[in-house]
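Here the structure comes first, spelled out in structure tokens, and everything after it is commentary.
The values are calculated or read from the model by the stated rules, or taken from the named source; none is laboratory data. Just so it is clear, the model here is predicted, and its values are computed rather than measured. Neighbour counts are summed over all protein chains in view; Cβ atoms, including those assigned to glycine, are modelled from backbone coordinates with ideal geometry.
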Amino acid sequence: MPRFAANLSMLYPELDFLDRFEAAAKDGFAAVEYLFPYAYEARELASRLAANGLKQVLFNGPPGDWERGERGLACLPGREAEFRDGILKAIDYAAALDCPRIHVMAGLVPEGVERETVQPTYLENLRWAAVEAAKAGRDVLIEPINTRDIPRFFLNRQDHAHELVEAVGALNVQVQMDLYHCQIVEGDVAMKIRKYLPTGRVGHFQIAGVPDRNEPDIGELNHPYLFEVIDEVSAQCGWQGWVGCEYRPRRGAVADGTSAGLGWLRGLPRAARG
Ligand SMILES: O=C(O)C(=O)[C@@H](O)CO
Ligand SMILES: [Mg+2]
């Protein structure tokens with residue numbers, strides 16, 4: 001089975017953020033990811049990781065003004081200086097948390113502007129981020145996201161993400177393949193895993209039930225089958241990454257907490273949470 005990381009931005013909403021580390025470890029996770037570390041001192045987060053024997057495997061660069069709806073700066077002409085400051089801050093956090101990857105959110109295509117118009121800005125920003133991250137020994141990830149959840153998001157499809165990674169041409173730029181978004185936008189998920197994982201350009205997976213982003217055993221995707229596909233292809237190509245559990249608990253959220261909804265994980269053959 002693949003190795004699973006708990007997404008602490010979505011799992012354990014019944015707990016304060018800093019208490020979610022212990023909860024994930026108690027549920028058997030060996031790794032965590034979350035959206036943003038910036039509201040906390042890096043040393044506080046590092047001590048939570050260490051106290052609970054957890055690895056940090058992913059977080060996002062600063063997204064711009066999240067409360068006002070911004071979802072990344074990478075494709076926004078005129079925001080390059082802010083983008084660069086954010087990437088440098090993220091690299092500092094990644095060093096302090098010993099986190100190998102940073103997800104750089106693409107941002108929204110401005111109203112009335114064509115996607116192609118902002119692509120040069122996106123590529124230029126990614127190239128710059130790749131160089132800075134490489135100096136610090138980190139990978140930069142880009143993630144196609146569906147437009148039902150984030151209308152006008154610049155990057156929606158796996159093929160576009162892989163074209164952009166090729167265009168940047170840096171070994172430390174990879175695709176964050178979120179199977180939830182992939183199913184909503186384009187489907188044919190198993191074949192896309194088979195197509196893209198052997199390229200060495202997939203840095204991380206994420207999962208959630210489709211369509212409602214709840215536990216992976218709710219909805220239209222057959223995750224045990226997809227995990228077998230990831231296992232089979234990984235065995236052939238040597239992929240050793242993580243699968244982030246990025247869903248909003250439905251089964252356990254109210255009565256018993258997130259743990260009660262983890263039956264899908266406990267039920268997997270040779271369940272590997274770390
Ligand atoms: O929404 C997702 O999917 C993510 O992985 C986030 O990092 C983007 O907000
Ligand atoms: Mg995701």
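With respect to the stated conditions, residue 138 is in contact (Cβ under 8 Å) with a residue 40 or more places away in the chain and not aliphatic (A, V, I, L, M). Kindly establish whether residue 209 is touching a helix residue (DSSP H, G or I) at 6+ places or on another chain (Cβ under 8 Å), more than 22 Å from residue 97 (Cβ to Cβ) and in a loop (DSSP other than H, G, I, E, B). Against the criterion (touching a helix residue (DSSP H, G or I) at 6+ places or on another chain (Cβ under 8 Å), more than 22 Å from residue 97 (Cβ to Cβ) and in a loop (DSSP other than H, G, I, E, B)), residue 209 qualifies. Among residues belonging to the range 28-48 that are buried (at least 19 other Cβ atoms within 10 Å of the Cβ) and in contact with a strand residue (DSSP E or B) (Cβ under 8 Å, 6 or more places away or on another chain), point out the one that is nearest to residue 9 (Cα to Cα). Applying the filter and picking the extreme gives 34. Filtering the range 215-250 to residues that are within 18 Å of residue 33 (Cβ to Cβ) and either surrounded by fewer than 17 Cβ atoms within 10 Å (Cβ to Cβ) or among the polar types (S, T, N, Q) (or both) leaves only 240. Has the range 46-63 got any residue that is touching a Pro at 6+ places or on another chain (Cβ under 8 Å) and among the hydroxyl-bearing types (Ser, Thr, Tyr)? So far as the range 46-63 goes, no, none of its residues is touching a Pro at 6+ places or on another chain (Cβ under 8 Å) and among the hydroxyl-bearing types (Ser, Thr, Tyr). Do we have residue 118 as touching a residue at least 12 places away in the same chain (Cβ under 8 Å) and within 21 Å of residue 169 (Cα to Cα) here? Taking the combined requirement at face value, the residue satisfies it. Of the listed requirements (1) touching a helix residue (DSSP H, G or I) at 6+ places or on another chain (Cβ under 7 Å); (2) within 24 Å of residue 24 (Cα to Cα); (3) within 16 Å of ligand 2 (Cβ to nearest atom), residue 182 misses just one: (2). Residue 212 satisfies every condition listed in (1) under 18 Å from the mean Cα position of the chain (by Cα); (2) surrounded by 16 or more Cβ atoms within 10 Å (Cβ to Cβ); (3) touching a residue at least 24 places away in the same chain (Cβ under 8 Å) except (2).
Restricting attention to the range 73-88, the residues being in contact (Cβ under 8 Å) with a residue 40 or more places away in the chain and under 21 Å from residue 108 (Cβ atoms) number 9. Quick check on residue 106: is it away from ligand 1 (no atom under 16 Å from the Cβ) and either at pLDDT 95 or above or under 18 Å from residue 151 (Cα atoms) (or both)? In short, no. In the range 112-146, the residue that is nearest to the chain's Cα centre (by Cα) out of those that are within 14 Å of ligand 2 (Cβ to nearest atom) and part of a loop (DSSP other than H, G, I, E, B) is 143.
Among the residues making up the range 71-90, a single one is touching a strand residue (DSSP E or B) at 6+ places or on another chain (Cβ under 7 Å) and surrounded by fewer than 24 Cβ atoms within 10 Å (Cβ to Cβ): 71. Restricting attention to the range 218-253, the residues that are touching a residue at least 24 places away in the same chain (Cβ under 8 Å) and in a helix (DSSP H, G or I) total 12. Taking the range 90-111 as the range and being assigned to a strand (DSSP E or B) and touching a residue at least 60 places away in the same chain (Cβ under 8 Å) as the test, the residues that pass are 101, 103. Please specify each residue of the range 167-202 satisfying the condition of being more than 19 Å from residue 146 (Cα to Cα) and touching a strand residue (DSSP E or B) at 6+ places or on another chain (Cβ under 6 Å). Scanning the range 167-202 gives 172, 173, 201. Listed here are the helices (runs of 4 or more DSSP H) enclosed by the range 158-204 that have at least 1 residues being within 14 Å of ligand 1 (Cβ to nearest atom): 158-168, 179-185.
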